[in-house]
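Enquirer: Sending over a structure as structure tokens; questions will come in a sec.
The values are calculated or read from the model by the stated rules, or taken from the named source; none is laboratory data. Given the structure is predicted, the values throughout are model-derived calculations rather than measurements. Don't worry about glycine lacking a Cβ; one is built from the backbone with ideal geometry, like all the others, and counts go over all protein chains shown. Side chains are part of the model used for accessible areas, which takes the heavy atoms of the whole protein and leaves out ligands, DNA and RNA. Shrake-Rupley method; radii C 1.70, N 1.55, O 1.52, S 1.80 Å.
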Amino acid sequence: MTPATWLAAGLATGLAADKKSADVTDWAARIGWLVGLALFVALVYWLMREGWKWRGTLQGDLPELPTSPDDPGPVKLSMTGRYHGSTTAGQWLDRIVAHGLGTRSRAELTLTDAGLDVVRPGAADFFVPTAALREARLDKGIAGKVLTEGGLLIVTWQHGDRLIDSGFRSDRAAEQHEWVTAINSMIKTTSTEGAER
């Protein structure tokens, strides 16, 4: 045997010794983990859903939402955008879910002398009479939605014995200032007329 063949035989033996079969995958353990994870996710989802329904039950004393009158009068302002939800006034994390107020959706707002009409495709529409309006302001957040300062139009209104903050975001954010001015001037006019009577 020559040194070259001796070296080649040694390398071949060394390479053969380094080769070993791949580890066998334990499919039963993997499937068990996946099933366990799926059950955990389903449990968390179910608990969140039950919590949402429970919150709606707790808010069952909230009266039915008013609907738009047949003749609301001429349109002062209109806006398209998103409805982000309603909370108890002053408590931006206390979401109200009764009567569909917790459902986020697209929204079309119309302001008339009669009040604020909120039309929500795919969710319950509602109407806020002028006498129920309390305040309009720009803010940065409402339950589950936080934007830059002044990014949300918040309308505070009275419904039954509860003050509610409803959050909207216009498709054209610059027009939200006009809404704040218009709603607050309507409130001042209404309160001045009430005081004169």
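Enquirer: Being touching a strand residue (DSSP E or B) at 6+ places or on another chain (Cβ under 6 Å), outside any strand (DSSP E or B) and of a type in the set (Ser, Thr, Tyr) is the filter here; which residues of the stretch 125-163 pass it?
Expert: Matches in the stretch 125-163: 130 only.
Enquirer: Also, I was wondering about something else. Quick one: residue 183 ticks every box in (1) of a type outside the set (Ser, Thr, Tyr); (2) outside any strand (DSSP E or B); (3) within 25 Å of residue 93 (Cβ to Cβ); (4) open to solvent by 10 Å² or more (accessible area, probe 1.4 Å) except a single one, so which number is it?
Expert: (4)
Enquirer: Would it be correct to say that residue 130 is of a type in the set (S, T, N, Q) and over 17 Å from residue 111 (Cβ atoms)? I'd like the intermediate steps shown before the answer.
Expert: Details: of a type in the set (S, T, N, Q): yes; over 17 Å from residue 111 (Cβ atoms): no.
So residue 130 does not fit the description; no.
Enquirer: Just give me the residues in the stretch 120-168 being free of Cβ contacts under 8 Å to residues at least 24 places away in the same chain and either at negative phi or in contact with a His (Cβ under 7 Å, 6 or more places away or on another chain) (or both), in sequence order.
Expert: Step one: filter the stretch 120-168 for residues free of Cβ contacts under 8 Å to residues at least 24 places away in the same chain, giving 121-122, 140, 146-149, 151, 154, 161.
Those that are free of Cβ contacts under 8 Å to residues at least 24 places away in the same chain and either at negative phi or in contact with a His (Cβ under 7 Å, 6 or more places away or on another chain) (or both): 121, 140, 146, 147, 148, 149, 151, 154, 161.
Enquirer: Could you figure out which of (1) open to solvent by less than 100 Å² (accessible area, probe 1.4 Å); (2) at pLDDT 75 or above; (3) not in a loop (DSSP other than H, G, I, E, B); (4) not aromatic (Phe, Trp, Tyr) isn't true of residue 73?
Expert: (3)
Enquirer: Quick one: in the stretch 15-68, of everything that is part of a loop (DSSP other than H, G, I, E, B) and touching a helix residue (DSSP H, G or I) at 6+ places or on another chain (Cβ under 6 Å), which residue is modelled with the highest pLDDT?
Expert: To start, the set of residues in the stretch 15-68 that are part of a loop (DSSP other than H, G, I, E, B) comprises 19-26, 59-68.
Filter again for touching a helix residue (DSSP H, G or I) at 6+ places or on another chain (Cβ under 6 Å), leaving 59, 62, 65.
Details: 59: 70, 62: 79, 65: 84.
This residue is 65.
Enquirer: Is there a residue being surrounded by fewer than 16 Cβ atoms within 10 Å (Cβ to Cβ), farther than 20 Å from residue 61 by Cβ and under 16 Å from the mean Cα position of the chain (by Cα) anywhere in the stretch 114-123? Please lay out each step first, then the result.
Expert: Filtering the stretch 114-123 for residues surrounded by fewer than 16 Cβ atoms within 10 Å (Cβ to Cβ) gives 121-122.
When the remaining residues are screened for being farther than 20 Å from residue 61 by Cβ, the result is 121-122.
Narrowing further to those that are under 16 Å from the mean Cα position of the chain (by Cα): 121-122.
Looking through the stretch 114-123, at least one residue is surrounded by fewer than 16 Cβ atoms within 10 Å (Cβ to Cβ), farther than 20 Å from residue 61 by Cβ and under 16 Å from the mean Cα position of the chain (by Cα).
Enquirer: Further question: Any residue in the stretch 131-144 that is of a type outside the set (A, V, I, L, M), open to solvent by less than 30 Å² (accessible area, probe 1.4 Å) and at pLDDT below 90?
Expert: Within the stretch 131-144, the first condition is being of a type outside the set (A, V, I, L, M), and the residues that meet it are 134-135, 137, 139-141, 144.
Checking the rest, the ones that are also open to solvent by less than 30 Å² (accessible area, probe 1.4 Å) come to 141.
Next, only the ones that are at pLDDT below 90 stay: 141.
Looking through the stretch 131-144, at least one residue is of a type outside the set (A, V, I, L, M), open to solvent by less than 30 Å² (accessible area, probe 1.4 Å) and at pLDDT below 90.
Enquirer: Just wondering, is there one or more residues in the stretch 114-124 that are touching a Ser or Thr at 6+ places or on another chain (Cβ under 6 Å), over 23 Å from residue 67 (Cα atoms) and outside any loop (DSSP other than H, G, I, E, B)? Explain how you work it out, then say what you get.
Expert: First, pick out the residues of the stretch 114-124 that are touching a Ser or Thr at 6+ places or on another chain (Cβ under 6 Å): 115, 117, 120, 122-123.
With the extra rule that they be over 23 Å from residue 67 (Cα atoms), the set shrinks to none.
Taking every residue of the stretch 114-124 in turn, none turns out to be touching a Ser or Thr at 6+ places or on another chain (Cβ under 6 Å), over 23 Å from residue 67 (Cα atoms) and outside any loop (DSSP other than H, G, I, E, B).
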